[in-house]
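Everything below concerns the one structure shown next.
The values are calculated or read from the model by the stated rules, or taken from the named source; none is laboratory data. Quick caveat, the model's predicted, so the values are computed rather than measured. Here Cβ is always computed from backbone atoms with ideal geometry, including for glycine, and neighbour counts include all displayed protein chains.
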Amino acid sequence: ISSLRDRITTLNSRPALDPIRIGLFGSSGAGKSTVLNTILGKHFFLPVSGMHTCTSCQVHVSVCKSRYYEAKIFLLSHEEWKEEVKNLLMLVESRHKNDETDNDLEHAIKALKAIYGEGAEEKSYEDLMKTVPEVTIPPSRVITLKKTEAQDLASELDPYIRNQDGVVNSSPQREQMQLWPLIKQVQVTLPPSDLVPEGVIFVDIPGTGDANKKRDEMWKESILQCTSIWIVADVERAIGARAHEIMVQEAINACQVGKCSDITFVVTKMDKIEVEEYVRNHQGAMGNITQHTAILETKRDLKIRKTRALKEKMMLRLPSDAEVLQKQDMVFTVSAKEYWNFTVLTREETEIPKLRDHIRKLYLDMKRNQLHDYLQEILGVFSLVQAYHSTQLSQDPPMRQEELQSCLSGKIEALKAVTTLCFSQMDGLLLKGVQSARNTHKRNIEKILM
């Protein structure tokens, strides 16, 4: 009875349908935020790459039933920040042992200066803990923004999540910009949309593959929580980039030990394909080819090459019947710029609508699987209830525990006897084979010596 009660309580307490997490992984400037903005139907919402600008922290985006655009900015707790300061100071101290300046060291110095001001990198941990931060840190460690218009939220959210590259200026948003080392995660929710189903969470990971240990650890940890992994690459770096190879291997690992059941490769900025470059790389191409044809041909070639490469890598480590290997569309070649301008490509040819359809299909397939598992659990509970009632209503006396134990022990002993017999027969054949091999080897040696 207690076991049955526990299973029913577990069913009641957990949500029937867990959210689907789609992780966007790629190097800085690959176009992750731009693609996400376009899928959401927003021209500019999350900050996109440009001079000194890209997403600096992990951003979760989803739709909900609220009519507001809302963002919750979660900061590191006091204890987490103390640990972070220790790690940053360890990096700073390493410069005295090594004259080289790397990205991690620069990041550490900028982070300390942003919170504690100029000269912070020269202070000890004890001194920094006594220093009053130059920014106001809310006691709750959460900053909530709520607006009725997307653009209003984007403008207010921008200084928190845009990577300012450590620059501190005199703008009115100076304090928000300085908070970046403390920001752990940002959760953005949008009103209901026909473009993206409720229950899908996009996870925009900053600078995957960048030379920064903290970011490297962040994306490798996050990838295990994603149900779908998108590897996003600029068309000019889509083939042969070392960072992408690492991401693919980590994505396959997530299929083995994480929650992932879908790997998608998204090639961005297809509008960058120029006729001259296409003709130069394709000897048989005609000189009068149009940019439209050059882009479509490049899209076709990329799909074939990347799909083949992805499948070959996955088949080396995953079973042939793995769900991820059954997908028809693994590679999407998109252009967010052309989706809004459509000067060369139609909206369908940009593949943004196709990518949205991919999300809907992924959503329906995963929800169907989750619902099936949930119903199976419910049926299991009903079967236990039925078995319990049958036992209670039966006229026969219930079997005592001692009898069950005796029966089970007898079966185990019988199994042991059969197993021992099988292995003894195998051992006999193996020993016979070894002896035969020895005799043959001995005769051959004798023939050679004689």
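Summary of values
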read-out	value
Residue satisfying condition, being within 18 Å of Leu182 (Cα to Cα) and assigned by TED's automatic domain parsing to the domain that holds Leu40, within set Glu118, Glu126, Glu70, Glu149	Glu118
Qualifying residue in the range 267-277 (condition: at pLDDT 90 or above and in a strand (DSSP E or B))	yes
Looking only at the range 316-342, and only at residues there that are free of Cβ contacts under 8 Å to residues at least 24 places away in the same chain and touching a helix residue (DSSP H, G or I) at 6+ places or on another chain (Cβ under 9 Å), the one that is farthest from Thr298 (Cα to Cα)	Pro319
Residue satisfying all of: in the range 110-149; touching a helix residue (DSSP H, G or I) at 6+ places or on another chain (Cβ under 7 Å) and without any contact (Cβ under 8 Å) to a residue 24 or more places away in the chain; surrounded by the fewest Cβ atoms within 10 Å (Cβ to Cβ) among these	Thr131
Unique match (being touching a Cys at 6+ places or on another chain (Cβ under 6 Å), within 25 Å of Thr34 (Cβ to Cβ) and surrounded by 21 or more Cβ atoms within 10 Å (Cβ to Cβ)) among Ala254, Ala238	Ala254
Residue that is modelled with the lowest pLDDT, among those in the range 278-294 that are farther than 20 Å from Lys306 by Cα and not in a helix (DSSP H, G or I)	Gly287
Test: residue in the range 273-290 that is out of contact with any Ser or Thr (no Cβ under 9 Å at 6 or more places or on another chain), over 20 Å from Leu355 (Cβ atoms) and of a type in the set (Lys, Arg)	yes
Among residues of the range 295-326, those that are assigned to a loop (DSSP other than H, G, I, E, B) and buried (at least 19 other Cβ atoms within 10 Å of the Cβ), counted	0
Condition met for Asp262 (of a type in the set (Asp, Glu), modelled with pLDDT of 90 or more and under 18 Å from Leu325 (Cα atoms))	yes
Some residue of the range 157-171 being more than 16 Å from His60 (Cα to Cα), modelled with pLDDT under 90 and of a type in the set (Lys, Arg)	no
Meets criteria (modelled with pLDDT under 80 and either outside the structural domain of Asp234 (by TED's automatic domain parsing) or not β-branched (Val, Ile, Thr) (or both)) for Pro319	no
